[in-house]
């Protein structure tokens, strides 16, 4: 059976399922590109930036600007560009910018959750409509070719729509869990390396009571 035949057999609920699946594919592709870019460039970035901040803090702003498309770089940049903060203000700068980056890291989560919940319900609706078609084709005490066709169509609608809804939900669930794991890993990295950056700043602040940001950009 071709895709067109399956689509026709699934009934009217195949239309919203198709829209949901196309939307899910587009959003999954965007998230895969985003996380691939972040993870590929971030490894090198994290190795360099903390060491550079210890040795030559005046060069940290240009270095962060080279990676400005990374959430971690924007978080660090917001803190190091503060005007002579004390350690507590530096920490608040990191935390506030980290909170601002969370919506980007969790982007499309609500849409994925909606599709995961909605697709099986649409499949169940297709099942009910298919059963209605099946029973409406039956006449007690009479069995004929036209009835057989109606019953077959109803059963096909019920099974195809249910299977399609489950497939859409399962696929989206797999990727949603993948993105959730990547988000949690990113939050852990922000906390880990944000803490390291804060410790470096706190150590310098306590030593000379004057943070060195001669490379600060405005």
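Values in this text are rule-based calculations from the coordinates and carry no lab data. Keep in mind that this is a model prediction, so the values were computed, not measured. Don't worry about glycine lacking a Cβ; one is built from the backbone with ideal geometry, like all the others, and counts go over all protein chains shown.
Overview of values
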item: Per-residue Cβ neighbour rank within 10 angstrom, fewest leading, 56, 206, 95; result: 206, 56, 95
item: Cα-Cα pairs of the range 8-66 separated by more than 18 Å (percent); result: 60
item: Footprinting exposure proxy for 129, 178 (fewest neighbouring C-beta atoms within 10 Å first); result: 178, 129
item: Whole-angstrom gap from the range 89-118 to the range 27-52, using each part's C-alpha centre; result: 16
item: Chain lengthening between residue 199 and residue 173 when straightened (0.36 nm per residue, less Cα-Cα); result: 5.5 nm
item: Per-pair calculated FRET efficiency, R0 = 30 Å: residue 206 and residue 106 via Cβ, rounded to 0.05; result: 0.25
item: Distance in nm between pseudo-label sites at residue 185 and residue 124 (7 Å out along the Cβ direction from Cα); result: 3.4
item: 15, 35 arranged by Cβ crowding within 10 Å, fewest neighbours leading; result: 15, 35
item: Pairwise label distance in nanometres, residue 52 with residue 88, each label 7 Å out on the Cα-Cβ vector; result: 3.1
item: Two-decimal Rg/Rh across the range 44-105, once Rg and the Kirkwood Rh are taken from alpha-carbon atoms; result: 0.96
